[in-house]
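The values are calculated or read from the model by the stated rules, or taken from the named source; none is laboratory data. It should be emphasised that the depicted structure is a prediction, and the values quoted were computed from it without experimental measurement. Glycine also receives a Cβ, built like all others from the backbone with ideal geometry; neighbour counts cover every protein chain displayed. Accessible surface is based on the protein model in full, side chains and every heavy atom, while ligands, DNA and RNA are left aside. Shrake-Rupley method; radii C 1.70, N 1.55, O 1.52, S 1.80 Å.
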Amino acid sequence: MRATAALLEDYLRPFALETVDLADPAPGQLVVRTTAAPFCSTDWMGWRAMRRKVPPVILGHTAIGEVVATGDAVTHVGPGDRVLVAATPRCGTCFYCAEGRPDQCTLLMEEPDPVVGATRDGREVRAAGRVGGYASHLLVDGVQVHPLPPALPDTTAALLGCGISTMLGAVFTIAEVRAGQSVAIVGLGHLGQWAAQAARLAGAGAVIGIDAHPARRELATASGATHLVDPARVDPVDEVRRLTAGRGADVVIEAAGPALAARQAVLMCRRAGTVVLSGVDHAATELTLPQLALTVHGKRILGCQNGQVDPVADFPRWIGMLERGELDPGPVVSGTYALGEIDVVMRRSMALEDVTGVFTEF
Ligand SMILES: [Zn+2]
Ligand SMILES: [Zn+2]
């Protein structure tokens, strides 16, 4: 089968829409015709060689679509089914899946991204997160594919695999936010908007959104932030302490990426509070943190890969919340685009003009 893909042939060069050849699905694999895929800010980092991406590669680590072909031994979905394709698999057999941590599944953590079965002029093409969502058709493993209900809009359902699962997991699974707690959110991009919504649903008291971008602060009000902080005007650590009786927030969700944001997140957390670090920057970024915050002050600093998602258990829960209207994609979806507009969409993401642009035409 042939697919049209936005191929990253080399760093810092415009994307090219190319035809790639997909192998027939092997046992356990299937082919999905893509109907929507969100552009993720991590992908302009890939384009700028800040992540460990090896061209030629199709970026995009989640998508939704319709199953068009299945290999042997695929039984949970079939042709015609509407599905979510997520980067985090649950292979079920690796050390991490056996440990109950499919978010660290060895299939996903392979570096560089694997070749799943796509070629261009005979050259093997890698697929980001084993998905490569910026393409008309995806050859993927069945363990990354989950049924979707028919009524959920494409632009909403497409957000499940990245922002929704990452931040609902950060709030409910990793930080385990309790009713009445104060939650500070560093960075109000797509992750921060979902974090605010999840904190509100968890019954948080103060939900403090921190971002230098005025439009993003405004969107965070719709997402449930009760207080907004502009770090270009005030010291965000001092301001969060001021808003929390001088202690610091009970829970801090870092959703920005730069090392400074992670450091501020740790500093604005109260003693014995919880910090969840979810943002990523250049793959070589290192953090410097005050020793006392981690030792004497007893802060818990927890990592977050895709919200520590267990795809089989969690996606149906997050889908139910979307179906009941408990989550609002409004502040997150900035516009819809054709795949051929990917260079424009990437520049809008880099310039912070879009929170998320969603490809809906392939
Ligand atoms: Zn993403
Ligand atoms: Zn596994």
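Points worth noting:
- Relative intensity of the chain on a log10 scale, I(q)/I(0) at q = 0.13 Å⁻¹, equals -0.98, per a Debye sum over C-alpha point scatterers of equal strength in the absence of solvent.
- The chain - share of DSSP beta bridges that are antiparallel (%, nearest 5): 55
- For the peptides 241-251, 113-123, 133-143, the ranking by mean Cβ contacts within 10 Å, running from highest to lowest, is 133-143, 241-251, 113-123.
- Ranked by solvent-accessible area (1.4 Å probe, protein heavy atoms only, all chains present), the residues Val68, Val74, Val183 order from largest to smallest as Val68, Val74, Val183.
- Distance from the alpha carbon centroid of the stretch 302-362 to that of the stretch 143-188 works out to 10 angstrom.
- Solvent-accessible surface of protein heavy atoms, probed at 1.4 angstrom with all chains present, puts Arg130, Arg200, Arg2 in the order Arg2, Arg200, Arg130, largest first.
- Among Gly117, Thr336, Val140 - extreme Cα towards positive end, dipole of the chain, charges at beta-carbon: Thr336
- Ranked by the mean number of other Cβ atoms within 10 Å per residue, highest first, peptides 305-316, 229-240 order as 305-316, 229-240.
- Here the stretch 50-72 and the stretch 78-135 have alpha carbon centers that stand 7 Å from each other.
- Heavy atoms of the protein chains alone define the surface here; on that basis the chain has 40 Å² accessible area per residue at 1.4 Å probe size.
- Of the accessible area of the stretch 163-306, computed with a 1.4 Å probe over protein heavy atoms only, carbon and sulfur atoms account for 51 percent.
- When the charge dipole of the chain is built from unit charges on Cβ atoms (+1 for Lys and Arg, -1 for Asp and Glu) and taken about the Cα centre, the candidate among Gly60, Ala272, Leu322 whose Cα reaches farthest toward its positive end is Ala272.
- For the peptides 329-335, 355-361, the ranking by packing is 355-361, 329-335, with the highest mean count of neighbouring Cβ atoms within 10 Å listed first.
- Cβ-placed point charges (K, R +1; D, E -1), dipole of the stretch 163-306 about Cα centre in debye, nearest 20: 400
- Over the residues of the chain, the helix contribution to mean residue ellipticity at 222 nm works out to -6000 deg cm²/dmol, using -39500 (n - 2.57) for each DSSP H run of at least 4.
- Ligands, DNA and RNA aside, His61 has an accessible area near 40 Å² when probed at 1.4 Å.
- Carbon/sulfur fraction of accessible area - the stretch 316-362, other protein chains in place, 1.4 Å, %: 47
- Of the solvent-accessible surface of the stretch 93-139, computed with a 1.4 Å probe and all protein chains present, 46% belongs to carbon and sulfur.
- Cα pair distances in the stretch 163-306, grouped into 5 Å bins until the bin that holds the longest one, percent each: 2, 12, 23, 26, 22, 11, 3, 0
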